[in-house]
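Written below as structure tokens is the structure these notes are about.
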Amino acid sequence: MIYFDNAATSWPKPRAVEGAVKRLFREPYGNPGRGGHAAAMRAAETVYRARVKAAELFGAKGPHLVCFTGGCTESLNAAISGAVRYGMKVMTGTTEHNSVIRPLIRAGADISYFDSLSDEETILEQVRAGLLLGVSAVVCAWASNVFPTVLPIRRIGALCREHGAVFIVDAAQAAGIYDINVDTDNIDILCAPAHKGLYGVTGCGITVFSEGYDVRSHPPLTVGGSGADPYTAYMPDRLPERFEAGTLPLLPIAALSAGIDFVRSTGIAAIRAHEESISAAILDSLSGVSGVTFYRPSYGPLLCFNIDGKAPEETAALLDSRGICARAGMHCAPGAHKYTAPDGSGAVRISFSVFNTEEEAEYFCDVIKDVIRL
Amino acid sequence: MKKDLFATSSLTYAYKARDVLSYTGIKSNVIRLDGSETRKGCRFGVSVDQRDARDAAKALRNAGIPFTEP
């Protein structure tokens, strides 16, 4: 099987990640932060080590600025519901995922958009204009989940800092593939999944706060036990406990910890270069082949396309029948698909990991040529 | 050897305290403190040898780690 759906979740996982998960079944692990016995403390140590690694990976000023959630969508919900008040002017991109758009709508934000697919200077001009008109928060993805495009995050963040606006970044498709530093990239809240570019397993997300962000004015999405201060009626106003009610997902956190080790030892630049080489092999091989249309093609971690005369789902099913996993449809980003099939049926996305090979890319191109002829 | 306890504001800060103390050559252990020790219910902290207590307090203050001595 050729797995080209790494933007949904990466597969395979590194051996060290598998080992980290298995260790939890071999050795006694208790509930982190919910007891003082050896098993609970071993679990707590595991969580703390993962915090340290995530803080180092994302340039946070300390492990306490890293909060664990159930996933990137939960991180985004917590970030947006806490930072955005009803009627607040918020700006986002035109190609955003529903994990950004829906929480903004639910929060009652007054939403305006910058054109995510414009050139960098146009995007910055649109953001600047929004901030001058009273935008108090900007929420956007570092990298699109439909096109191999990225936003000028550091410069958008600088504009937000200049105007006192909150800057929330969705790193669902960027973590582990692009160098991210919440401090130098001027990000207030960074949200990332464990199971995509960080090679962990599903069930865990990360929220990373900048050191200067005022968490006391940011209500938590979930409240409950925090493992300490039981007599107080409210969640602590300190990180990370403020945003970690209830038992943490220990198994995915242990996997994430090993996944971050893998990413750092492999090298983010090397991972990105490898994924770009896969997309380059595909684009170069299919260049000039009539019957296939790539949308916004460039060398990156994913490609989006359609085959003439075939619905995206039909193409994906044909690929599946030849052993290739690809994802068809709208990819939960209907705004992005205004730029793909004119009939609104979406497109097919293939997305890569460090484990894909050029031979797989070559086979994919041969299959595409066959599918075009069908 | 008798132990001195430093209660931190959270479990994460207890581990941070342990790391800070380790960098400065002071051995410590992260422990759970019960309500009778903190009067605030369950909390976490670090224990150090009594002879290291003064240096430990100084190191934690320098690192900006909030603590109380229960």
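The values are calculated or read from the model by the stated rules, or taken from the named source; none is laboratory data. Just so it is clear, the model here is predicted, and its values are computed rather than measured. Positions of Cβ are generated from backbone atoms using ideal geometry, with glycine treated the same way; all protein chains shown enter the neighbour counts. We work out accessible area using only protein heavy atoms, side chains counted, and drop any ligands, DNA or RNA first. Shrake-Rupley method; radii C 1.70, N 1.55, O 1.52, S 1.80 Å.
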From the Cα trace of region A:96-185, what convex hull volume per residue do you get, rounded to a whole Å³? 93
Taking beta carbons within 10 Å but only from partner chains, what does the mean come to for residues A:59-65? 3
For region B:3-68, compute Rh as the Kirkwood radius over C-alpha pairs and then the Stokes-Einstein diffusion coefficient at 37 °C and 0.692 mPa s; write the answer in µm²/s, rounded to an integer. 289
With the dipole of region A:268-373 defined by +1 on each Lys or Arg Cβ and -1 on each Asp or Glu Cβ, the option from A:Gly300, A:Ala317, A:Pro334 whose Cα lies farthest towards the positive pole is A:Pro334
Within 10 Å, at most 13 other Cβ atoms, and a DSSP state outside H, G, I, E, B define an exposed site. Report the longest part of chain A free of exposed chymotrypsin sites (Phe, Trp or Tyr not before Pro). A:87-230
For chain A, take every pair of Cα atoms, bin their distances at 10 Å starting from 0, and report each bin as a whole percent. 5, 24, 31, 24, 12, 3, 0
Just read off the accessible area of A:Lys53 with the full protein assembly in place, 1.4 Å probe, to the nearest 10 Å². 40
Summing -39500 (n - 2.57) over every DSSP H run of at least 4 in chain A, dividing by its residue total and rounding to the nearest 500, the 222 nm mean residue ellipticity is -12000 deg cm²/dmol
How far is helix A:250-266 tilted, in degrees, relative to the longest principal axis of the Cα atoms in chain A, given as a value from 0 to 90 rounded to the nearest 10? 60
Averaged over its residues, how many other protein chain Cβ atoms are within 10 Å of peptide A:26-35's Cβ atoms? 1
Angle in degrees between helix A:72-83 and the longest Cα principal axis of chain A, rounded to the nearest 10: 60
Which order do the peptides A:118-127, A:150-159, A:187-196 come out in when sorted by mean C-beta neighbours inside 10 angstrom, highest first? A:187-196, A:150-159, A:118-127
By how many degrees, between 0 and 90 and to the nearest 10, does the Cα long axis of helix A:312-321 differ from the longest principal axis of chain A? 90
Given R₀ = 22 Å, FRET efficiency for A:Arg161-A:Trp11 by Cβ-Cβ distance, to 0.05? 0.05
Using a ≥ b ≥ c from the Cα gyration tensor of region A:28-108 (square roots of the eigenvalues), is it rounded, prolate or oblate, where a/c under 1.5 gives rounded and otherwise the larger of a/b and b/c decides, a/b for prolate? prolate
Expressed as a percent, the accessible surface of chain A that is carbon or sulfur, using a 1.4 Å probe and the full set of protein chains, is 52
Can you say what percent of the DSSP beta bridges in chain A, counting only those with both residues inside, are antiparallel? Round to 5. 50
Note the buried accessible area between B and A here, summed over both chains, with a 1.4 Å probe, in Å² to the nearest 100. 1500
Against the globular-protein guess of 2.2 N^0.38 Å, express the Cα radius of gyration of region A:252-320 as a ratio, rounded to two decimals. 1.48
Computed ³J(HN,Hα) along region A:188-194: with the Karplus parameters 6.51/-1.76/1.60, θ = phi - 60°, integer Hz and x for glycine or proline, the list is 7, 9, 10, 10, 8, x, 8
Whole-percent tail of the Cα-Cα distance distribution for region A:276-359, cut at 18 Å, equals 42
Using DSSP to define loop residues, name the GluC sites (Glu not before Pro) in region A:2-73 whose beta-carbon has at most 13 other beta-carbon atoms within 10 Å. none
Simple spin-label estimate for A:Asp110/B:Asp55, 7 Å along Cα→Cβ, in nm, reads 6.0
Please compute the average number of Cβ atoms from other chains found within 10 Å of each residue's Cβ in peptide B:16-28. 1
Residues listed by number, region A:59-77, amide nitrogen under 15 Å from A:Asn98 label point at 7 Å toward C-beta: A:73-74, A:77
Per residue, how large is the accessible surface of the protein assembly as shown? Use a 1.4 angstrom probe and give square angstrom. 42
Starting from the amide H of A:Phe114, placed 1.01 Å from N in the peptide plane, find each other amide H under 5 Å away whose residue is 5 or more places distant or on another chain. A:Thr92, A:Gly93, A:Thr94
Could you compute how fast region A:175-325 diffuses translationally, taking Rh as the Kirkwood radius over C-alpha pairs and applying Stokes-Einstein at 4 °C with viscosity 1.567 mPa s? Give it in µm² per second. 68
Using the basic label-point model (7 angstrom from Cα toward the beta carbon), what is the A:Asp343 to A:Glu27 distance in nanometres? 5.6
